Structures are given as C-alpha cells and as structure tokens.
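The values are calculated or read from the model by the stated rules, or taken from the named source; none is laboratory data. Since we're looking at a predicted model, the values are computed, not measured. So basically every Cβ, Gly included, is an ideal-geometry build from the backbone, and we count neighbours across all protein chains shown. Just so you know, the surface numbers come from the protein's heavy atoms only, side chains and all, with ligands and any DNA or RNA stripped out. Shrake-Rupley method; radii C 1.70, N 1.55, O 1.52, S 1.80 Å.
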Amino acid sequence: MAGLLLRLAGSLPALAAVIVVTFVLTRVLPGDAATYFAGPTASAESIAQIKAMLGLDRPLPEQFWNYIVALFHGNLGMSLTTGQPVLTDLAARLPASAELTLCGLFVAIGIAVPLGIAAAVRQGKMVDHVCRVLVTAGVSLPVFFTGLLLVYVFYFRLSWLPAPLGRLDAFASPPPTVTGFFLIDAAIAGEWETWRSAAAQLILPAATLGLFALAPIARITRASMLAVLGAEFIRTARASGLSGVTVIITYALRNALLPVITTLGMVFSFLLGANVLVEKVFAWPGIGSYAVEALIASDGAPVQGFVLTMAILYVLLNLTIDMVNRALDPRARRGS
Amino acid sequence: MMAAGANVLAVDGLSVAFRTRAGTVAALDRVSFTVGKGETLALVGESGSGKSVTAYALLGLLDAAGRVTGGSASFEGDDLLRASPRELASIRGRRVGMIFQNPRAALNPIRPIGRQIADVLRRHAGLGPRAAKAAAVEKLREVGIPDPARRAAAYPFELSGGMCQRVMIAIAVAASPALLIADEPTTGLDVTTQAVAMDIMARLAAENGMGTILITHDLALAAERSQRIAVMHAGHIVEDAPTAELLAHPRHPYTRGLLAATPTAAGTLDDLHSVPGGLPDLRRADLPPCRYAERCERRVPGCDDPLAWRELTPGHLVACWNPA
Amino acid sequence: MKGLAAPLRHARFVVTENPVTGFALALFILFIVAAVFGPSLAPHDPLASNTAQALQPPSGQYWFGTDQLGRDIFSRALVAARLDIGIAAASVALVFAMGGFAGLASGFFGGWTDALVGRLSDTIMAFPLFVLAMAIVAALGNTVPNIVLATAIINFPLYVRVARAETTTRRDAGFVDAARVAGHRDMGVLLGQVMPNIMPLMVVQMSLTMGYAILNAAGLSFIGLGVRPPTPEWGIMVAEGASFIVSGEWWVALFPGATLMVAVFCFNLLGDGLRDIVDPRRRT
Ligand SMILES: Nc1ncnc2c1ncn2[C@@H]1O[C@H](COP(=O)(O)OP(=O)(O)OP(=O)(O)O)[C@@H](O)[C@H]1O
Ligand SMILES: [Mg+2]
C-alpha cells in the first residue's frame, strides 16, 4: 500500500508536466484559443467577449490558477459541436476507445509473444525469419492504411465482416451500461446477439491496432528471450535436468517478460496515437474520433480535453506497468 | 554394475570440436580419465585448456556449435555421450549434479531459492509441491544455511556469494547424484567460504560415495582436496596421476613448469607466467601432435610422432615422448 | 582520407552480404529522384481535375487510376514524394540539431544542463507522442512548418538519449580531459572532439527516424491536420480514398497508401543497414 502511494507520488511530475504543457499549448502560444472557442465565424467583438468570459484577458499566472481550479472541479469547458460539457462527452466515449485499445493490445500480445519466443528458441529457423520480416514490415505500416486494406478485403471482397461504421450494426442496440465495454456489458446482460454484433464490429479495428503493436512486442520478446536463453541460470536449469517446458516457460520466459513489460510503455504511446487514426477509419465513437471532429470544427475545448485525457491515461498506464513490473521482479521490489 | 575399482565414470577418448566462422576449433582431443566411487578427481589447467568443455560435453550441454566427435563416457552402465535427450534429462540433476562458477549468475534471479531447489526435487524425487518445499528447506539446512525456513523465500540477489554457492551445491546434490561435477566452485569466494563449500562437498562425497570432478585453476586446492589430478593443456590431458605422486614426481614438462612456478603449490595457475608461450590456436590445421611441443624445452625429434599416453608407473599416465 | 577506407570496405561487404540493404538503397534513390524531379516527371497535371474521367480504375493511361475528381493518382503520388519526404527530412534535420546539441551539452556538462534537458525530455515523453504532435499542430496552426516542428519535438527525447549516452562514454574515456589539459575551451572540445565522434550513430538514428517521421506527418494529414487538400500528399490521398474503399474503388486509397508504406519500409531497411555498417555489434 505504501509502495502504491509512493509510485503514485512518483508519477506526479509527469502529471504536472502534462497539465502545464496543455495549458501552454492552449493559452500561451500564438494559436488563438479564443478564436477556437468562439468558432470559425465569430466577429472581433464576440471574440473579445469570449476572451473576457474565459478569463483570457487576465495575467497568465491567474489564468493558470483558474485553469487548475477548473481542472480540479472536472471542468474541461463546453463542446461547441455537441453542446455538452467536454467531460461528459469524454466519459461517454472513453469506454469505446478503451475497449478497442485493449483488444488491440491483446491481439498484439497474443501473437507477438509466442512468435518472439518461437523465433528465439528456434533461432535462424523458419519462424525466426518470419518473425524478422513481420517486425520490419510491421513498423513500416501506416496504421490507417492497413485498416482500409482490411476493410476492403474482409468487408468488400469477402463480406465476412460488417461495414466499418461504429461499435454495433444498425439493428442492434447497446447493452445496459455497466462497464461501457460492449463485450462485457452484453455478456452480463446475456444479450448474445448484441455481443456477436459488437464482436464482429470490433474484429477489424482491433486487428489493425494489433498488427501495428505486434512488431515492437515481437522484437523485444525475441531479443530478451535470446538473452535469457544464453544466461547462466538457464544452463543450471538444464544441468539440473528440469523438463523443457519448465526451462522455457518457468525459467526463461518469466525472466524474458520483464523487459517486454517495460517496453509496453512505449507500445502504449504508439497504441494511443494509432488509436486516433483507427477510430477515424472505422468511424469508431471513441475519444479519438471525437477529437478529430472537434479539430475539423475548430472546437478547442474538446481537443484540449482529449489531449489531457490521453496524457493522464498514459501516465496511469505507465504507473500500472511499473506496478506489474514490481510484482514480477523481486529486485525492482526490494531494490528501492 | 560396480566393477572392480568401482569407477563411477570412465571417459575414454572424448573429442569435441566447435564449428566457428573462423574454422573448426579442436577443443578436446581424446580426453580420457576415470572417477572412482567417493573419489575426487581434480582437473587443472590454464584458462582455455578445455576443462569446462569437458564438463559440458559429459552432460550434453555444449553450445549448438559444439559437437562430440568421438569417444565414450561410461557412467554406471550408460554411455553419456550416446544417451538420447530424454535419457540425458533424467540423468542430469538426478544422477549427475553440476556446480557452476559464479553462483549468483547461475541461479534464477526472480525465483526464490527454495523454489529452485524444490523444482529439482519435484522433478527427480517425485515429490509433490508441499513435500518438495519442506525437503528444500531440509537441503538448505544440510548445506549449512542458517535459518533455512526463512531463507528459502529469499532471492539470489539477497544472498552473499558464499550463500549462493551453498544453494548451488544444494541444487546439484538435491537428488543425491552418484557424480558431482564442480566447475571452479570456489572462484570468487573468500578463503573461509571456499573451505566451507569444499567441506560440504567432501562430506557429501564421503556419506554417499559420490564421485567428484573438481575443475579448478587453484593447484593448492587441488592438492588439498583431490585424490587424483589430471592436468589439461590445449584440449589434451597431458598427465594424470594420484595427487601425492603427481606433486612429488611430475613427469610432463608442462606439469613441471606449473609446479616449479608454484613451489609450495600455493598459487593459482592464473598468475603463472613462467610457463613460456600461450596455448596454440586450436583452429590451426597444422596443430602438432603434441600441442605443448611449441612451448616445450624438452622437445626431441620423437615429439612429431602421434601423441600417445603411456603408463610410466602404475596409475601415472603421461602424454610425452621425453618425460622427465 | 585514409580513415574512410575500412568503413567503405565494410559498407561494400554489408551491401553485398545483405542484398536487402542494396534493394533498399535502390528504392531510396528512386524516391529521391521522385522527390527532386517529380513534378517534371509526372505524366499528368496532379491538380487538374477532369470529372469525365472520375474514378477510373488503373489503366495504360492512368497507371494508378483516377480519383473522384478525375485527377491522375500516379502523378499525384509521384509529386507528393517531395512534400512527404521533405517534411520528414526537415523535421529530422531539425531534431538532429536540437536533440543532438541538447544531448551533447547534457552529457558533456552534466549538472543543471543535464537536469534541464532531462526534464524537457521527460515532459515530452509523458505524452503519447502522436497525440502530442496533434496538440502542437492544433495549437500552433495548421501549417507545414508546424508539422515539421511537431514531428521534430516528439523525436527530441530519442536524439537526446543517443547523443547523451555517446557523449558520456567519450567523456569518461578521458580524451576530453586530455583536450582540456591541452588548453582547449569547453565549447571547442565539445564541437571539435566530441561531436565528430558521435556523428556516425546520430546519422544512423536519423535514417531510422525518417520512416517514423514520414508516417507521423502522413498520419497528421490523414486526420485533417497539416497539409490541406488539394495539395497532393500521401496521407490526404489515403483519407480521400477511404470512403471509396467500401464501394470497391480500391485504387484511390491503395496506391498512395502503398507508396507511403514502401517509402517508410525503404527508410527503415536503410536505417538497419546503416546501423550494421556503423555499429556491427548491435545487429539483431
Ligand atoms: N562456443 C564455443 N565456440 C568456439 N570455441 C569454443 C566454444 N566454447 C569453448 N570453446 C573453445 O574451447 C576451448 C576450451 O574452453 P573452456 O571453456 O573449456 O576452457 P576452460 O579450461 O574451462 O577455461 P577457464 O578456466 O577460463 O574456464 C577454448 O579455447 C575455446 O576456444
Ligand atoms: Mg571454464
């Protein structure tokens, strides 16, 4: 528990940095926030009016203070496009993004980790070459382009999967909200028809994200597995006659996963960014497409709220990674 | 099974080659020796002479590049060099234990030491999880770890090097093997810890009749702890004799060089510079039959004949055409 | 330039040993030719619309087909090379200068310089990088220089790390002290002794980030930030073609997307190859 608090405190600088940067980006830099808030067709005096209303005519320190106070009240401003408080919009759309990102991550891990292990265990063999090609090709894929390719093949050509239009097909209605994750909520409610629909809609975008995140995970798994397999304690395990499974899984893999987990931080950075592009391709009603719509409408508050949310999420994810790492690595646990 | 003399292990003509980009390394050439029941054989030689490769070859742990190119190793009726991977897996840890240099690196860094011992016990003693756990604590006590029940939950990084080496020993002998191979078990330990570790091994050898191969740089240690010494040089065993006999009457020029350089047999081979020259490059195609010939001051024309091992006095073998 | 002989020999060895690097090099030259001479090579006017010829599939006349306005996709993809590669190259050059110098200074001087540069890197790394790039372009305005700047900023920590690590090892190796003792001023030592030594790794870093920079710029354009239509740019072209994918006009998005992909692939391969030349140990 004390460890948890300590870790939380450890991520405070990152949070502070995020808050300062979003403030600087929206209030201090030449891009005029009031023009954003006023909308594209506003006249000069309505801009001035909005400036006064938003407190943008105040000295910067005061503005910053007000900004922080508003943040602590959960006040992220209003969206001009939806007419709702940004916080409400984000809260309503966050589960969609989270469900997609997590599914993408699971797809990536589910393929990349076994592939990386196989490539390391059978170094120089077929799997290894496949792994290397996938890794090099994987980091070169524009994620929005892969998404479109998958849509063309699996929707237009093969008709195996539904059109890329959101989380559910037109005939299904969302399950009663518990977690906001349709797959979970539909399962809780026992609405299997809805579940099927949600799953079908989710497959392509999740696969797109998964393909994207696969490369870095496979590469680091292979490299760290190779390093561990050459370690002296693996030789000890072999010399002790432990079974192949015990050696590879219990001894090698557990150790090899530590660097993989650490790299997940970087993977998440990519994944959250790619999420925005994938949401646009699949008309996915998450916070990424919310931000993109707001950008097009020059609607400032939602963009700012989105950036803040993403950054806070990212800080929290890094915190989680750190905790998992501590749980798995006694040296990290007792080291500090 | 136990024939006269009760050898646990009889290695005959073991040869190993590594294929590398720069050519084939003839790492071992016709290595032969025996280890009797309860006997400790010391394998000594300078760095790179092939001591570790001998140990790895016996347990089938060579790198992918390494290949056994000849010989046999008869161990309690089985030939280790011809055993299938399955047979080997049931021999390793159960009938042959091995201790490695640098004990901390040789232990799994993120698994409690008790679990690591229990893994071996579950595999070889057929114990269930709980019984194995209890037995692991018992093994820790046997190697003299204080407060073993608590220490069983410790990780290697929480223990001193000496403690780690005791854990290593506990793992190696957990299943009461008939043969223990200890590859430089005391390097890096302080003198007292060295003695303690060696005492533990000696006690187990005496109690269970376990044969031991003690691989070391340290002539003093070999002199004190072994019944026989085999001297290795560039992949050859150049001299093999009972310890007292070898120390008193070394016959091979290399052995004499070693001993002359350490008059009280108290130093280690590492600080020897008085044996002139270095090991020959084992990748050479034109390796002389005697790999010491190029460094040897007793060289005679006969040295170009194929190398042979001759028993000069009973139990004292030398690979030299002009022994002292 | 006797010192170059060995690296050159090694380079030739790497290219012949690894045909993939040779292939990437050929592709690279192709893209550079497209970027330099694209507009004069294009068979059609990339901006001329011709509604009579809208959404034509690939043919002898229109190699990559035409888009919804009847513009020749091949010409547009060809001409776009200059903008896409230009943005990436400019941002990489910028971050090379900024991040390289910051890393150099932070490794060399340590102390508060190091702390300051470190905080700056940490702040950038606190964001998912693409999201930060979005935020920067949204705040500064939707222009090409701002895309260049945003792309440079998100790569900043990477360059700092490489330059700093190299500088620290050089400094600890002692020859910096030697230069100081010989009476050189700090800046002189930094620029004269340290910089040339970390250059090779920084160049490798540049070629490795080029691909990512192209992807990033194209991604920003894809969501409507950055380059605006009708300017030919790969990301925008894919975005424009996206709506035609579901009705079967695949070529509108496929060709620009594939061009983008091949370009990124080529730079990544080249970066790997270059790293093998400069730093053979780090080969994976
Ligand atoms: N993987 C390998 N590839 C090529 N050659 C090898 C390999 N492993 C060992 N060798 C060669 O085998 C020879 C013997 O090595 P070995 O490790 O057995 O020496 P050693 O006597 O144990 O030395 P040390 O006292 O330093 O442990 C070395 O000269 C080395 O060149
Ligand atoms: Mg050795």
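Within the listed set C:THR168, C:THR151, C:THR51, the Gaussian network model of chain C (springs between alpha-carbon atoms below 10 Å) gives the highest mean-square fluctuation for C:THR51.
Here B:LYS139 is the anchor, and the lysines within straight C-alpha reach of less than 27 Å, apart from those fewer than 8 places off in the same chain, are B:LYS37. Within the assembled protein chains, the solvent-accessible surface assigned to A:LYS125 is about 100 Å², based on a 1.4 Å probe. All C-alpha pair distances within segment B:123-252, sorted into 10 Å bins from zero, spread as 11, 37, 32, 14, 6, 0 percent across the bins. In order along segment A:97-109, phi translates into HN-Hα couplings of 5, 5, 4, 5, 4, 5, 4, x, 5, 5, 4, 4, 5 Hz, rounded to whole numbers, per the Karplus curve 6.51 cos²θ - 1.76 cosθ + 1.60 with θ = phi - 60° and x for Gly and Pro. In order along segment B:160-172, the phi-based Karplus estimate (6.51 cos²θ - 1.76 cosθ + 1.60, θ = phi - 60°) of 3J(HN,Hα) comes to 6, x, x, 5, 4, 5, 5, 4, 4, 5, 4, 5, 5 Hz; Gly and Pro are listed as x.
For A:ARG333, the solvent-accessible surface with a 1.4 Å probe is about 90 Å², rounded to the nearest 10. Helix-only arithmetic for chain B: the sum of -39500 (n - 2.57) across DSSP H runs with n ≥ 4, divided by the residue total, places the mean residue ellipticity at 222 nm at -9000 deg cm²/dmol. Across segment A:86-296, the relative contact order, built from alpha-carbon pairs under 8 Å that are at least six residues apart, equals 34 percent. Entry note, chain C: the mean residue ellipticity at 222 nm calculated from DSSP H runs of n ≥ 4, each adding -39500 (n - 2.57), is -25000 deg cm²/dmol after division by the residues and rounding to the nearest 500. Under the convention that each Lys and Arg Cβ holds +1 and each Asp and Glu Cβ holds -1, the size of the dipole of chain B around its Cα centre is about 1140 debye. Here is the tail figure for segment C:214-284: Cα pairs spaced more than 17 Å apart come to 53 percent of all pairs. Rounded to the nearest 0.05, the FRET efficiency derived from the C-beta distance between B:PHE157 and A:LEU94 at R0 = 41 Å is 0.50. For segment A:232-336, the C-alpha radius of gyration sits at 1.60 times the compact-globule guess of 2.2 N^0.38 Å, with N the residue count. With all protein chains kept in place, the per residue accessible area of the protein assembly as shown amounts to 43 square angstrom at a probe of 1.4 angstrom.
The value obtained for the protein assembly as shown, namely the Cα convex hull volume divided by the number of residues, is 233 Å³ per residue. Taken across both chains, chains B and A shield about 2000 Å² of accessible surface from a 1.4 Å probe. With only the Cα atoms considered, segment A:86-296 has a convex hull volume of 151 Å³ per residue.
Simple point charges give the picture: +1 on the Cβ of Lys and Arg, -1 on the Cβ of Asp and Glu, and for chain A a dipole about the Cα centre of about 1540 debye. For chain B, go through all pairs of different Cα atoms, get the mean of 1/r, take its inverse, and jot down that Kirkwood value in Å. Computed over chain B, the radius equals 20.5 Å. For chain C, taking Cα atoms only, Rg and Dmax work out to 21.9, 76 Å respectively. Here is the tail figure for segment B:11-90: Cα pairs spaced more than 19 Å apart come to 37 percent of all pairs. Figure note: B:HIS236, A:HIS129, B:HIS124 ranked by solvent-accessible area, largest first, 1.4 Å probe, ligands and nucleic acids not counted: A:HIS129, B:HIS124, B:HIS236.
Note on C:211-223: average number of Cβ atoms from other chains within 10 Å of each residue's Cβ is 4. Taking all Cα pairs closer than 8 Å and separated by 6 or more residues, the relative contact order of segment A:213-319 comes to 24 percent.
Between B:LEU180, B:LEU279, B:LEU58, the GNM of chain B built on Cα springs shorter than 10 angstrom shows B:LEU279 fluctuating the most.
Relative to the Cα centre, the charge distribution of the protein assembly as shown, modelled as +1 at Lys and Arg Cβ and -1 at Asp and Glu Cβ, gives a dipole magnitude of about 1180 debye.
Buried accessible surface for the C/A pair, both sides summed and rounded to the nearest 100, is 3500 Å² with a 1.4 Å probe.
Within the accessible surface of segment B:143-232, defined with a 1.4 Å probe on protein heavy atoms only, the carbon and sulfur portion equals 54 percent. Computed with every protein chain present, the accessible area of A:MET78 is close to 100 Å² [probe 1.4 Å]. Taking other residues whose beta carbon is less than 15 angstrom from the beta carbon of A:LEU148, and scoring Lys, Arg as +1 and Asp, Glu as -1, yields -2. Working ranking of peptides A:67-77, C:87-97 by packing, defined as the average number of other Cβ atoms within 10 Å per residue, highest first, is C:87-97, A:67-77. Derived scalar couplings between HN and Hα for segment B:55-72 equal 4, 5, 4, 4, 9, x, 10, 5, 4, 4, 6, x, 9, 7, 9, x, x, 9 Hz in order, rounded to whole Hz, by the Karplus curve 6.51 cos²θ - 1.76 cosθ + 1.60 (θ = phi - 60°), x for Gly and Pro.
Just checking the listed ones, A:GLY230, A:GLY138, A:GLY110: in the Gaussian network model of chain A with Cα springs under 10 Å, the one fluctuating most is A:GLY230.
Across A:TRP195, C:TRP112, the residue with the most accessible area heads the list, and the full order at a 1.4 Å probe is C:TRP112, A:TRP195. Ranked from largest to smallest solvent-accessible area, with a 1.4 Å probe on the protein heavy atoms, B:LEU214, B:LEU62 come out as B:LEU62, B:LEU214.
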